[in-house]
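Accompanying notes for the structure given below.
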Amino acid sequence: MNTSELIRRALAEDLGSGDITTRYLDLEPSISTAFMIAKEEGIIAGIEIAKEVFKTVDPDIKITLYRKDGDRVMPGDEILRAEGRPAGILQAERTALNFLQRLSGVASQTRRMVDLIEETDARILDTRKTTPLMRNLEKYAVRVGGGFNHRHGLFDMIMLKENHIRAAGGITAAVNKIQESNTTYKVEVEVTNLKELDEAVAAKADRVMLDNMNTRQIRAAVKKHGDAVELEVSGGITERNILSYAKTGVHYISSGALTHSYKSLDISLLFKE
């Protein structure tokens, strides 16, 4: 689903058969000015989507952008100005804020985690733990925040997780079966201990995910195999512990929290009196 269609569906969900509040207020044909204002510090993501929401509701609304995606805002900063018929602004308000607040929340959380490990060579990756139908936008927000995208879905990278491995009869059997016909996609294998890591490397996996391992185990993995295979850590990664994982020398750190446990950035829309 493209962004325009997602916006249309989001507006239809909110408007339904029509905005009865503005209908009975009979605000036309007055013209109003409203401002989106940041109420806390964070990174903006989704500003063009917010603009498109207003334009979808009423093409005559004039939008002036004071910030762009990737900009840091502070409390009180003006993000955009909307000028036009008040009914249109009011009908677009919540949907525009929903997109902007959530994507800015993802970008802000990502930037905090990126900043925490800037002294290391590790890269932060997102996961598939995204809001249904919002994956493209949430992964975009991760990039805005300075993170990197893991596979987008089941179609662009082979990843053998615990249940795949059990179903196939083991790591070696699973990788060998995949490589019989695969000549295109990288193969990543999830392991839970150093013995499984040895097996995955011997089977010639391209990347190995060290799932829920402690930092002592991860350092041992990096020392033994860090030059032979890409190593990724995952499981329980938070702002409090991410630096300790990054300092092990691992190549990638994946965190589902970027897209499933973020806090929406506090942004308000206020009409000019």
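The values are calculated or read from the model by the stated rules, or taken from the named source; none is laboratory data. Everything numeric in this text was worked out from a predicted model, so none of it was measured. Using ideal geometry, Cβ is built from the backbone for each residue, glycine included, and neighbour counts are taken over all protein chains shown.
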Of (1) surrounded by 18 or more Cβ atoms within 10 Å (Cβ to Cβ); (2) farther than 19 Å from Met36 by Cβ, Asn149 satisfies every one except (1)
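Identify, please: which residue in the range 227-242 is surrounded by fewer than 16 Cβ atoms within 10 Å (Cβ to Cβ) and not charged (D, E, K, R) and is, among those, modelled with the lowest pLDDT? Spell out the reasoning first.
So in the range 227-242, the residues surrounded by fewer than 16 Cβ atoms within 10 Å (Cβ to Cβ) come out as 227-228, 235-236, 238-241.
Checking the rest, the ones that are also not charged (D, E, K, R) come to 228, 235-236, 238, 241.
On the way: Ala228: 93, Gly235: 92, Gly236: 88, Thr238: 91, Asn241: 94.
Step by step, filter the range 227-242, then rank; the result is Gly236.
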Exactly one of (1) at pLDDT 95 or above; (2) surrounded by fewer than 23 Cβ atoms within 10 Å (Cβ to Cβ) is unmet by Ile89. Its number? (2)
Could you tell me how many of the residues in the range 23-55 are surrounded by fewer than 19 Cβ atoms within 10 Å (Cβ to Cβ), closer than 26 Å to Ser264 by Cα and β-branched (Val, Ile, Thr)? 2
For Asn176, the lone unmet condition from (1) more than 17 Å from Leu154 (Cα to Cα); (2) touching an Asp or Glu at 6+ places or on another chain (Cβ under 9 Å) is (2)
For the range 166-212, give me the residue count where each residue is among the hydrophobic types (A, V, I, L, M, F, W, C) and touching a Ser or Thr at 6+ places or on another chain (Cβ under 7 Å). 2
Taking Ile124 as meeting all but one of (1) in a strand (DSSP E or B); (2) of a type outside the set (S, T, N, Q); (3) modelled with pLDDT under 95, write down the number of the exception. (3)
So Ala203, is it closer than 19 Å to His150 by Cβ, touching a residue at least 24 places away in the same chain (Cβ under 8 Å) and surrounded by 19 or more Cβ atoms within 10 Å (Cβ to Cβ): no
Note on the range 185-240: residues hydroxyl-bearing (Ser, Thr, Tyr) and more than 17 Å from Gly256 (Cα to Cα) are Tyr185, Thr192, Thr215
Mind listing whichever residues of the range 10-50 are more than 15 Å from Gln91 (Cβ to Cβ) and of a type in the set (Lys, Arg)? Lys39
Only one of these conditions is not met by Ala257: (1) surrounded by 16 or more Cβ atoms within 10 Å (Cβ to Cβ); (2) in contact with a Lys or Arg (Cβ under 8 Å, 6 or more places away or on another chain); (3) not polar (S, T, N, Q). Which number is it? (2)
